[in-house]
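Asker: Below is the structure I would like to discuss, written out as structure tokens.
The values are calculated or read from the model by the stated rules, or taken from the named source; none is laboratory data. As the structure is a computational prediction, the values presented were derived from the model and not from experiment. In this analysis, Cβ positions are derived from the backbone assuming ideal geometry, glycine residues included, and neighbour counts consider all displayed protein chains. These accessible areas exclude ligands, DNA and RNA; they are computed on the full protein's heavy atoms, side chains included. Shrake-Rupley method; radii C 1.70, N 1.55, O 1.52, S 1.80 Å.
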Amino acid sequence: MIEPGQRLILRTDGGSRGNPGPAGAGIVIENAEGKPLAQGRKFLGQMTNNQAEYHALILGLQAVTRYQPVAVQVFLDSELVVHQMNGRYQVKGARLLPLYQQVKQLAARLPAVQFAHVPRSQNRRADTLANAAMDAGA
């Protein structure tokens with residue numbers, strides 16, 4: 001059980017094999033000290049890698065909302081998504097724009113959400129879950 005009012009870390013990863021191809025998402029929710037509290041994975045069907053990254057982020061934000069955190073630090077290994085969420089890059093793709101808008105709406109419902117890029121090596125658990133979801137759906 002996660003107590004409401006904590007600072008939480010959300011790690012997400014999405015990927016596809018073939019781009020577009022079979023896609024999966026992985027999420028990990030950690031406490032402020034980095035201890036894993038919850039995790040999940042989902043096969044997403046056929047889509048691009050960037051679409052899968054956004055779907056993973058949506059799943060993660062939906063999951064973390066249940067815990068009523070006071071702040072959420074989101075770590076992704078997708079520079080594109082991080083830069084789009086932080087307003088550094090525009091979202092030009094017609095398929096990504098509705099996903100971006102959905103993430104913005106979810107993030108607006110949470111206090112103090114920050115998006116940060118990390119190398120894949122620092123996002124291994126979410127990456128492993130995303131790959132397991134792709135394996136399960138294939």
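Asker: Find out how many positive minus negative residues lie around Met47, taking Lys and Arg as positive, Asp and Glu as negative, among other residues whose Cβ is under 13 Å from that of Met47.
Answerer: Taking every Cβ under 13 Å from that of Met47, the sum is +2.
Asker: Which residues' amide hydrogens lie under 5 Å from the amide hydrogen of Phe115, considering only partners 5 or more residues apart or on another chain, with H built in the peptide plane?
Answerer: Long-range HN contacts for Phe115: Val74.
Asker: Report, to the nearest whole %, how much of the accessible area of the chain belongs to carbon and sulfur atoms, 1.4 Å probe, protein only.
Answerer: 47 percent
Asker: Roughly how many Å is it from the Cα centre of the stretch 54-132 to that of the stretch 1-37, as a whole number?
Answerer: Comparing the Cα centres of the stretch 54-132 and the stretch 1-37, I get a distance of 9 Å.
Asker: Something else now. Relative contact order for the stretch 1-44 using alpha-carbon pairs under 8 Å, separation at least 6, rounded to a whole percent?
Answerer: This gives 35 percent for the stretch 1-44.
Asker: In the stretch 1-76, which trypsin sites (Lys or Arg not before Pro) are in a loop and have at most 13 other Cβ atoms within 10 Å, using DSSP for the loop call?
Answerer: Arg66
Asker: Using a 1.4 angstrom probe, figure out how much accessible area the chain has per residue, in square angstrom, rounded to the nearest whole.
Answerer: 52 Å²
Asker: Using 0.36 nm per residue, how much length does the chain from Gln101 to Gln46 gain when fully extended, once their Cα-Cα distance is taken away?
Answerer: 17.7 nm
Asker: Also: Could you pull out every residue, at least 5 positions away or on a different chain, whose amide H is within less than 5 Å of the one on Gly45? Hs are placed 1.01 Å off N in the peptide plane, and Pro or chain starts have none.
Answerer: Ala23
Asker: Mind listing the long-range amide H neighbours of Ala38? Cut-off is under 5 Å, sequence gap 5 or more, other chains count too, H placed in the peptide plane at 1.01 Å from N.
Answerer: Ile29
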